[in-house]
Amino acid sequence: MPLIHTFAEAMRVIIDRLTAAVTGIGTQRGGLPPVTGELRDGLRARALADTPVGFVREQHLRTDQDPELLPSQQMAAIGIVQRGDPLLSRTARPLRLPEDADKARRAEEILIAVGEEARKVHPFKEGPGLNTMQLHPTEEALEYSVAVVYMPDTGWTTLYNPKMNNDIPRSGESTRKLDWEGCLSFFDERGKTDRDELVYFDHVLLDGTPQTSSFSGARARLWAHEWDHLNGKIYTDYDVVTIPIAEYRAMRAAEAAAREQGT
Ligand SMILES: [Zn+2]
């Protein structure tokens, strides 16, 4: 039907532009339409209709909003594969860009849609990050190497074929930091991991241009975490002691109270 065809085409243009607008790395923002709430809702609605999110929601009676659910159950309800599932041990296939640009965009679109669902059910301070290996491979695009990270100041950033580059020399003192980490695939607990505070990633733009980007602080931790996932690894594969989220929250609250009292 021509009308629906036209609408679908229009949505594709909007999604392409929005995808470009929310893809922070190496994307020229000039000339793109502003990312309005309406555009975001359009993207989400379309993605929800035919992605694991929509499917899982239909199957699981919208349980992600149920406050009685464990955090891991909330994440499972929006379509995120949970620890223990062999799917998490997969290794992502590299994209051939620009030939695979449609697959790359499609994977990104789904990841951001699912990531937005995660943001609705959990108040992230930093993140979330998400990658194709954490979703059920309901379509081919989700087998490829794509990851997204959300930060409050920059929104969603996407990397295609990210590969941590450890060959670039870093100056000065130790850049490692032991800090708390969580995973959408293991969200009932938190653990401390030792990560680089500055990381470099080689990746490829949709037009096939290779690029290297650096990330520091919380971003470095998030991208290192996603890089592990794309290689079939989650942070508990390291020598990490985890604690239940209730214990973690109580401890953080006590720390904040102590800081307020200046102790
Ligand atoms: Zn994770």
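Coordinate-derived values only; no laboratory data. Note that this is a predicted model, so its numbers are computed, not measured. With ideal geometry, Cβ positions are generated from the backbone for all residues, glycine too; neighbour counts draw on all protein chains shown.
Brief remarks on what is shown
- Ordering 223, 180 by the number of other Cβ atoms within 10 Å of each residue's own Cβ, fewest first, gives 180, 223.
- Neighbour cut-off at most 16 other Cβ (10 Å), DSSP loop, trypsin sites (Lys or Arg not before Pro), the stretch 171-263: 233
- Within a straight-line Cα-Cα reach of under 18 Å, residue 177 can be paired with the following lysines, leaving aside sequence neighbours fewer than 8 residues apart in one chain: 192.
- Shape analysis of the stretch 121-263 yields a ratio of the Cα radius of gyration to the Kirkwood radius, Rg/Rh, of 0.99.
- Taking every C-alpha pair closer than 8 Å and separated by at least 6 residues, the mean separation divided by the residue count of the stretch 133-237 gives a relative contact order of 24 percent.
- Neighbour counts of C-beta atoms inside 10 Å place 237, 196 in the sequence 237, 196, starting with the fewest.
- Local charge for residue 236 was computed over the other residues whose Cβ lies under 9 Å away, with Lys and Arg +1 and Asp and Glu -1, and equals -1.
- Residue-count net charge about residue 140 - beta-carbon cut-off 11 Å; Lys, Arg +1, Asp, Glu -1: -1
- In plain terms, the residue of 133, 151 with the fewest other Cβ atoms within 10 Å comes first and the most crowded comes last, giving 151, 133.
- Debye-formula intensities of the stretch 138-221, expressed as log10 I(q)/I(0) at q = 0.11, 0.12, 0.21 Å⁻¹, are -0.38, -0.46, -1.21 (one equal scatterer per alpha-carbon, no solvent).
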